[in-house]
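Since every read-out is calculated from the coordinates, none of them should be taken as a lab result. Source: prediction; values computed, not measured. Backbone-built Cβ (ideal geometry, glycine too); neighbour counts: all protein chains shown.
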Amino acid sequence: MGARQVDTGVAGLALGVEDGIATLRIDRPEARGALTAAMWSAIPDILAGLEVDREVRVLVLTGTDGVFSAGADIRELQGHYATAESADAYHALNAAAEQALAAFPKPTIAFVRGACVGGGCQLAVACDLRFADATARFGVTPAKLGIVYDAGSTARLARVVGVATAKYLLFSAELMDSQQALRVGLVEDVVKPEDAEERVYAFARTIASRSQLTVRAAKDLLSTATPDPERVHAWEQRSRASADVREGLAAFTERRAPRFTWDTA
C-alpha cells in the first residue's frame, strides 16, 4: 500500500500515503515486528508529520508478513533494565509513543494479523479502532517479565475492554484469539485473512470520504467520558460556519455523494 512513500528516519517503520490514508507499517519481519527503542522514539515525530499533512485523513497501523508486533525487542531489554534510570528512560519512550498515537487527532485503525503482543498490543489499544483477521493473537504480557506498565497504558486498556478483562490479560499474560478479542470488545471486527485488507481499507476510505470536521469533532469529544460543554459548543460553532454542512445538505437534497473540502480549520 502507499503510492507516496515517506521516509520515517528509522529502520523498522515504513510509511506510505495513498487516497488520503497513511499506512504506518511495523516492518521487522525477521524479528516478528519487535519494536526497538529507536522505533519507539521515532513514533511521536512521525505522527506529528502526519498531523500536518493535509492529504492524510486516516491512519492505518499494521505489521508485515502476517505479524503485527511481538512487542518490545527482548534483546534490548537487559540493557535498558541495567539501572533504574535507564529503565525509566525506556518506559518514557514507550509512554510517549503510545500517548502520541492516542492523542493523534485523525482517526486511527490498527489492522492486526498474527501476533499482537506486549508493546505491540499497547499500540493497537492506543488506536481508535482495531480490525483483525482470523490469525490474530493478542496478549498483554508484562507479568512474564516482571515489568509494570505505566498508568496511562493500563487505564487505556481498561477503557477498551473493561476492568475485569484488563485484569485477566495482565494477571495471566495469556494470549487471546481473535474471536475472544471480538467478544470482549478488544477488536471491532474479525475478517477472513483473504478478505481482511480489502475490508480494512474500504472502511478507511469510508471514513476519509466523510466530513473531516465531524470526524475530528467526534474523536475529540469522545476522548473523555464526559465532554466539556465548552468544547462541544466550540465544535458546534465551527460546524455552523463550515462549508461542510452546506455541502452535506446540498448533496443530500440533490441525491449525490458529498464533496467535502477536508478543511477542519
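With N as its number of residues, region 4-208 has a Cα radius of gyration that, divided by 2.2 N^0.38 Å, comes to 0.95. Its Cα centre serving as origin, region 21-96 has a Cβ charge dipole (Lys and Arg +1, Asp and Glu -1) of approximately 220 debye.
The residue among 251, 191, 234 whose Cα reaches farthest toward the positive pole of the charge dipole of region 184-265, with charges on the beta-carbon of Lys, Arg, Asp and Glu, is 251. Between the residues 64, 134, 14, the greatest Cα displacement towards the positive end of the dipole of the chain, with unit charges on the Cβ of Lys, Arg, Asp and Glu, is found for 134. Maximal additional length on extending the residue 92-residue 167 stretch stands at 24.7 nm, based on 0.36 nm per residue less the C-alpha distance. Taking 7 Å steps out from each Cα toward its Cβ at residue 245 and residue 45 produces label points 4.1 nm apart.
In the chain, what percentage of the DSSP-assigned beta bridges are antiparallel, given to the nearest 5? Display every interim value, and only then the final one.
Details: 12 of 33 bridges.
Percentage antiparallel, nearest 5: 35.
Kirkwood hydrodynamic radius of region 1-53, from the reciprocal of the average inverse Cα-Cα distance over all distinct pairs: 11.4 Å. With a simple spin-label model that places each label point 7 Å from the Cα along the Cα-to-Cβ direction, the separation between residue 154 and residue 31 comes to 2.7 nm. Candidates 201, 97, 143 compared by Cα position along the dipole of the chain: farthest toward the positive end lies 201, with charges placed on Cβ. Within region 177-215, name every residue whose backbone N is under 14 Å away from a label modeled 7 Å from Cα of residue 252 along the Cβ vector. Answer for this model: 211, 214. Given a cut-off of 16 Å, what percent of all Cα-Cα pairs of region 211-254 lie beyond it? Summing the P(r) tail past 16 Å for region 211-254 gives 41 percent. The magnitude of the dipole of the chain, with charges of +1 and -1 set on the Cβ of Lys/Arg and Asp/Glu and taken from the Cα centre, is near 640 debye.
Hydrophobic, long helices, defined as DSSP H runs whose alpha-carbon span along the helix axis is 27 Å or greater and whose mean Kyte-Doolittle value is at least -1.0, occur in the chain at 84-103.
Summing Cβ point charges (Lys, Arg +1; Asp, Glu -1) relative to the Cα centre of region 211-254 gives a dipole of roughly 60 debye. Counting neighbouring beta carbons within 10 Å and listing from fewest to most, the residues 160, 140, 52 come out as 52, 160, 140.
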